[in-house]
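What follows draws every value from the coordinates through simple rules; no lab data is involved. This structure is a prediction, so every number in the text was calculated from the model and none was measured. Cβ coordinates were reconstructed from backbone atoms using ideal geometry, including for glycine residues, and neighbour counts include every protein chain displayed.
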Amino acid sequence: MVMNDQPDKTEQEFTHVREGKPSMVDVSDKSANKRTAVAEAIVWVGEEVMSRLDGADIFSAKGPVFQTAIIAGTMATKQTSLLIPFCHPLPLEYADVKIVIHGENLIITCAVATTNKTGVEMEAMTGASVAALTIYDMCKAINKKIRIEFVRLLSKTGGKSGDFSAD
């Protein structure tokens, strides 16, 4: 890939930069419609932590690991605009965090929905991220090498840019 100062006119521009300055996107002329998003975080916890997680009643010194992460992720979806500078505050109509064990990994998904003028991708990604960080916090006494492998958007619906689904 060649880097130069001239933007490729076929590529989308940054939506949160106007005249070289960070800015909130103006959604005042948009119409409200149903918006959904699903994000995923993968957390590698290792064999020692996994041996203590049985998928049912999972406890650490700080309380039930999965249940606490689910609550934290859900709470985070509702606080996204306080954490990400140019996210619009949104009244969420749905948020759901799930955690599945897969080998030595925990797969966290966060689904969010609203009827509004802007999407909920950041809310879903924030929910998945905070749930992953909560897993780390609750399990770090057993293994400080826990890794949050990645966070990504799996899908979104609604809005001007249309639907999206990751490969």
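Based only on other Cβ atoms within 10 Å, what is the fewest-to-most ordering of Y136, Y94?
Y94, Y136
State to the nearest 20 debye the size of the charge dipole of region 33-165 about its Cα centre, where the only charges are +1 on K and R beta carbons and -1 on D and E beta carbons.
For region 33-165, the charge dipole is close to 400 debye.
Which value in nm describes the separation of the simple spin-label points at R147 and F86, placed 7 Å from the Cα toward the beta carbon?
Reported label-point gap for R147 and F86 is 3.2 nm.
Using the 10 angstrom Cβ neighbour count as an exposure proxy, how do I146, I84 rank, fewest first?
Going from sparsest to densest Cβ surroundings: I84, I146.
Could you list E47, E149 in order of exposure, starting from the residue whose Cβ has the fewest other Cβ atoms within 10 Å?
Ordered by Cβ neighbours within 10 Å, fewest first: E47, E149.
Could you run the Karplus curve 6.51 cos²θ - 1.76 cosθ + 1.60 with θ = phi - 60° over region 125-141 and give me ³J(HN,Hα) per residue in whole Hz, x for Gly and Pro?
5, 5, x, 5, 5, 5, 4, 5, 5, 5, 4, 4, 4, 7, 10, 5, 5
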